[in-house]
Amino acid sequence: MPIKPFPELHVNNTKTALVEGNRCVSYEELNSRINCLASGLLGQRRDLEEECIAFLLPASVDYVTVIHGVWRAGGIAVPLNVASAVSELDHYLSCAGVSRMLVGDGKQKSLSDLCKALNIELLTVGDVISDSAGPLPEIEEDRRAMMLFTSGTTNKPKGVVSTHKTIVAQITTLIDAWEWIDGDVIPLFLPLHHIHGIINILSCGLWAGATVHLYPRFDIKEITQAVTAGTFTVFMAVPTIYVKLIEYFDSADETEVRQICEGFKSMRLNISGSAACPVNLFMQWQDLTSQVLLERYGMTEIGMGISNPYSGERRAGCVGQPLPGVEVKLFDERDNPVISESIAGEIRIKGQNVFLEYWNNTEATTKSFRDGWFCTGDVAMVEDGYYRIMGRSSVDIIKSGGYKLSALEIEGVLLTHDDIAEVAVIGVEDEVWGEAVTAFICLRQGASLNYEELKSWCSGRMSPYKIPKTIRIVNSLPRNAMGKVTKPDLRKLL
């Protein structure tokens with residue numbers, strides 16, 4: 001049976017689906033607009049037949065119209081990062097074989113040369129959308145629907161292709177696990193070229209019949225005012241956003257902070273993801289708002305695979321248990337299943353939530369699977385049935401002095417130091433240790449710290465072989481659009 005990711009049961013619903021500034025758009029109006037956009041994309045064709053259509057749009061009604069319009073017309077949606085450099089866009093567009101790209105007003109001039117060189121038709125939503133909707137194709141569930149690019153934190157970004165069936169599985173799993181309801185209201189300020197914003201917030205919200213408030217960026221004053229007003233029932237963010245909120249509390253007056261914290265307290269759910277949530281941050285947020293953050297684990301290729309429970313214990317430093325319909329197993333370096341708790345292994349995933357392929361990259365696709373299991377490259381341990389992420393095998397597992405160390409674990413301890421605001425730990429090639437633990441540290445305002453002081457502080461808080469051999473004090477850490485530290489860029493600082 002054909003499946004469309006947009007929830008058809010809301011087609012005649014006059015309830016508000018999207019809020020953009022002062023504009024409210026109902027489900028009925030949104031469905032009509034999407035059908036007109038899909039018809040405009042089709043022109044005289046009956047089906048786009050998996051034509052790759054890229055778009056460079058911030059969180060907006062236009063963005064939602066385009067992504068669903070492409071799906072309904074039978075194309076492959078290729079959402080791109082609005083903050084991308086032209087050289088990065090060149091890679092994405094070339095890799096995907098894009099034929100048309102939709103952009104916001106004012107973007108055409110800066111992209112005209114690139115699109116001309118790649119023979120891509122550059123359009124705005126106004127150029128494409130029809131006055132009325134025509135017949136649309138029926139879309140089989142196994143058809144390709146979306147291409148997202150990997151973050152590129154460990155290698156050159158690859159195009160991750162998901163089918164309509166994949167997208168539906170990713171959405172419906174979270175609808176059940178996080179108990180979405182049509183009365184939910186959620187802000188969306190995260191980048192919309194990433195699984196977190198597209199699936200976890202936007203798609204789940206619309207599937208449930210909820211209301212999504214769209215923000216082109218994280219405006220802390222605007223969003224905290226809405227929080228204070230009791231606008232939202234659900235809040236999803238990356239750890240960096242929670243850190244910024246706590247920093248903002250330090251500069252705001254006591255009454256404002258109390259009102260904001262009460263606004264968060266009244267919500268039914270706060271979620272943290274896309275990067276590890278430090279235990280210290282988890283506890284701080286709970287102390288301030290009484291919200292126990294729900295941390296989960298996912299990636300571009302699988303959507304979400306593991307989650308702390310909505311109802312039940314949410315453990316600091318853990319990402320929880322496998323979601324319904326998702327099989328998770330740990331494997332050692334010899335591809336043998338890890339059968340004992342407290343032994344680390346690579347996370348491998350099976351389920352309808354797993355992507356179809358890397359676009360035009362058969363070799364990478366083949367290498368990423370073992371006996372039907374998708375190899376995530378992330379290392380974890382299971383403790384009392386809960387998964388704890390140790391890090392990415394290529395950048396977060398440090399082999400030093402015969403030990404395998406988790407950079408994330410070391411970072412978590414260092415973040416409890418009163419003078420440390422942010423930290424990233426990597427292994428640096430060393431003749432004695434194999435890899436020497438090296439910490440890049442951002443200090444709190446007015447603080448100072450030298451290596452001997454830190455080494456003394458670490459004693460008794462972590463095993464001697466985990467203590468950094470070197471520290472570098474830096475003003476900021478390099479991050480991608482989702483706030484995740486790009487550790488390969490740290491090596492350039494050396």
Out of the range 73-101, which residues are open to solvent by 10 Å² or more (accessible area, probe 1.4 Å) and not hydrophobic (A, V, I, L, M, F, W, C)? 81, 84, 87, 88, 90, 91, 92, 94, 97, 99, 100
Which condition breaks for residue 487 when tested against (1) surrounded by 17 or more Cβ atoms within 10 Å (Cβ to Cβ); (2) of a type outside the set (Phe, Trp, Tyr); (3) without any contact (Cβ under 8 Å) to a residue 40 or more places away in the chain? (3)
Scope the range 323-342; condition open to solvent by 40 Å² or more (accessible area, probe 1.4 Å), touching a residue at least 24 places away in the same chain (Cβ under 8 Å) and under 21 Å from residue 370 (Cβ atoms); matching residues: 325, 327, 329, 335
Among the residues of the range 366-416, which ones are open to solvent by 30 Å² or more (accessible area, probe 1.4 Å) and among the acidic types (Asp, Glu)? 371, 383, 384, 409
Tell me, yes or no, whether the range 324-340 has at least one residue that is modelled with pLDDT of 95 or more, in a loop (DSSP other than H, G, I, E, B) and in contact with a Lys or Arg (Cβ under 8 Å, 6 or more places away or on another chain). yes
Quick check on my filter: what residues within the range 113-129 are in contact with a Gly (Cβ under 9 Å, 6 or more places away or on another chain) and open to solvent by 40 Å² or more (accessible area, probe 1.4 Å)? 127, 129
Scan 351, 377, 312 and give me the residue that is under 25 Å from residue 172 (Cβ atoms), out of contact with any helix residue (DSSP H, G or I) (no Cβ under 9 Å at 6 or more places or on another chain) and of a type outside the set (Phe, Trp, Tyr). 312
Filter the range 205-262 for residues that are among the small types (Gly, Ala, Ser) and free of Cβ contacts under 8 Å to residues at least 12 places away in the same chain; the one that is least open to solvent (accessible area, probe 1.4 Å) is 252
Return only the number of the condition from (1) within 28 Å of residue 211 (Cα to Cα); (2) outside any loop (DSSP other than H, G, I, E, B); (3) over 21 Å from the mean Cα position of the chain (by Cα) that residue 172 does not satisfy. (3)
Name the pairs: first residue in the range 267-290 and crowded, with 20+ Cβ neighbours inside 10 Å, second residue among the polar types (S, T, N, Q) and not in a helix (DSSP H, G or I), Cβ to Cβ under 7 Å, at least 6 apart or on different chains? 270/291; 285/291
If you go through 16, 65, the only one that is among the polar types (S, T, N, Q), in contact (Cβ under 8 Å) with a residue 12 or more places away in the chain and surrounded by 24 or more Cβ atoms within 10 Å (Cβ to Cβ) is 65
Being modelled with pLDDT of 90 or more, open to solvent by 40 Å² or more (accessible area, probe 1.4 Å) and within 26 Å of residue 196 (Cβ to Cβ) is the requirement here; does residue 476 meet it? yes
Being within 25 Å of residue 29 (Cβ to Cβ) and touching a His at 6+ places or on another chain (Cβ under 9 Å) narrows it down to one of 206, 192, so name that one. 206
Among the residues that make up the range 102-118, is at least one of them within 22 Å of residue 238 (Cβ to Cβ) and hydrophobic (A, V, I, L, M, F, W, C)? no
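The values are calculated or read from the model by the stated rules, or taken from the named source; none is laboratory data. Small disclaimer: the values here were computed from a predicted structure and weren't measured. Glycine gets a Cβ as well: all are built from the backbone with ideal geometry, and neighbour counts include every protein chain shown. Protein only, heavy atoms only, side chains kept; ligands, DNA and RNA dropped before computing areas. Shrake-Rupley method; radii C 1.70, N 1.55, O 1.52, S 1.80 Å.
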